[in-house]
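Peer 1: Below you will find the structure I want to go over with you.
The values are calculated or read from the model by the stated rules, or taken from the named source; none is laboratory data. None of these values were measured; they are calculated from a predicted model. Backbone-built Cβ (ideal geometry, glycine too); neighbour counts: all protein chains shown. SASA here: full protein model, heavy atoms, side chains in, ligands and nucleic acids out. Shrake-Rupley method; radii C 1.70, N 1.55, O 1.52, S 1.80 Å.
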Amino acid sequence: MNKKILKVGNLIANPGEKIQGNITLKVSDNNIVDIPVTLINGIKEGKTVAITAAVHGGEYTGVFGLIKLSREISPQDLSGQLILVHITNVPAFEAKMQYVGPIDGKNLNRCFPGDKNGTHTEQLAYFISEEVYGQSDFFLDLHSGDIHEDLMPFTLYHRDASEEVRMESRKIGELMNLGPVIGSGSDCGSINGMAMKYNIPGVLAELGCRGECNVDQAILYKDRILNVLYYYGLLDGEAEVLNPEEVDYVHCMYCLDADIDGLWYPSYGAGYEVSEGELVGYITDYFGNILREYHSPVNGRILYNTTSLAIRNGDPLISFISNINTCTCCSNHGLLEWHNRDNI
């Protein structure tokens with residue numbers, strides 16, 4: 001029998017209980033944030049798993065997926081504990097903002113592991129780091145294409161974590177089975193990078209795009225999470241495990257950023273295959289005069305791109321992935337310092 005009490009903030013779930021409610025967090029400048037959370041404490045012992053959604057305000061698929069998951073799982077059927085953070089960045093979600101939050105203008109997924117004495121977003125990141133991920137055996141961070149993004153589904157894991165964490169994270173990505181499984185070396189303050197701090201496995205998943213809340217995709221998210229829980233014994237069920245040759249492993253990810261303000265016209269959508277040097281988009285001024293053209297640095301696929309017409313200098317435009325057997329970008333273009341860079 002499980003004897004472990006599950007506590008996150010002001011919410012407490014005893015063994016055999018499912019508790020839903022708001023965690024009230026007082027952050028900088030006396031701002032109060034209510035974070036909707038479900039705690040499910042199984043009757044049997046097992047792993048503790050943290051799952052977050054809506055780290056970015058305009059990403060909705062994971063929110064709906066977690067609602068469905070939380071209603072389906074009973075503590076009587078669970079071996080272990082689940083911490084489900086339905087909306088991690090509530091101010092950004094309510095303001096319908098892309099990337100950043102309305103209080104301090106910071107990107108939560110660039111602020112981890114956070115700062116308890118920092119700005120609003122930094123304190124929120126600190127709370128999630130310590131209270132949610134700090135007591136978990138592994139994590140899933142559910143994203144989707146923001147209001148202005150088109151993307152193909154994928155999972156991202158941290159390839160520079162310890163060997164044990166790296167391989168377990170990759171296994172979780174395989175079990176999610178959403179598309180390419182990408183090893184990232186980015187250390188940009190994302191949740192995924194916390195695998196380094198806490199030495200726990202986990203993935204950042206992407207499913208859905210353009211700020212849509214698609215029911216079928218939300219159900220797919222739920223089912224893919226269940227597959228992970230089956231594999232690790234939190235729930236009874238047969239996990240679908242792919243053979244290595246069935247997994248789309250990706251070792252190179254390269255992003256192009258805008259270097260000028262203007263209007264952005266992408267040539268292709270997510271998932272399209274492009275050739276090295278091919279025109280993939282251009283920026284014009286407000287009168288339609290072309291200011292910049294952008295070309296693919298690799299033979300590969302478009303992982304995601306920006307769909308908004310308005311673009312500012314420094315905004316991410318488009319991201320490419322290449323498979324290990326065909327990628328030549330690092331050696332041919334001197335992109336070692338960009339290898340596996342991400343803007344997610």
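Peer 1: Within segment 54-77, does at least one residue satisfy the condition of being of a type in the set (A, V, I, L, M, F, W, C) and in contact with an Asp or Glu (Cβ under 7 Å, 6 or more places away or on another chain)?
Peer 2: Yes, the conditions are met somewhere in segment 54-77.
Peer 1: Only one residue in LEU234, LEU303, LEU279 is closer than 30 Å to PRO75 by Cβ and of a type in the set (A, V, I, L, M, F, W, C), so which one is that?
Peer 2: LEU234
Peer 1: Sort out which residues of segment 181-233 are assigned to a helix (DSSP H, G or I), among the polar types (S, T, N, Q) and open to solvent by less than 10 Å² (accessible area, probe 1.4 Å), and write them in order of number. Let's see the steps before the verdict.
Peer 2: Step one: list which residues in segment 181-233 are assigned to a helix (DSSP H, G or I), which gives 191-198, 215-231.
Subset that is among the polar types (S, T, N, Q): 192, 217, 227.
Selection gives ASN192, ASN227.
Peer 1: Could you check segment 1-61 for strands (runs of 3 or more DSSP E) lying wholly inside it with 3 or more residues that are within 20 Å of HIS120 (Cα to Cα) and either out of contact with any Lys or Arg (no Cβ under 6 Å at 6 or more places or on another chain) or open to solvent by 20 Å² or more (accessible area, probe 1.4 Å) (or both)?
Peer 2: Output list reads 17-26, 32-41.
Peer 1: Also: Does GLU149 qualify as being of a type outside the set (A, V, I, L, M, F, W, C), open to solvent by less than 20 Å² (accessible area, probe 1.4 Å) and closer than 24 Å to ILE225 by Cβ? Steps first, please.
Peer 2: Numbers: of a type outside the set (A, V, I, L, M, F, W, C): yes; open to solvent by less than 20 Å² (accessible area, probe 1.4 Å): yes; closer than 24 Å to ILE225 by Cβ: yes.
Spelling it out, GLU149 is indeed of a type outside the set (A, V, I, L, M, F, W, C), open to solvent by less than 20 Å² (accessible area, probe 1.4 Å) and closer than 24 Å to ILE225 by Cβ.
Peer 1: Of the residues in segment 258-302, how many are over 18 Å from ASN313 (Cβ atoms) and among the hydroxyl-bearing types (Ser, Thr, Tyr)?
Peer 2: 5
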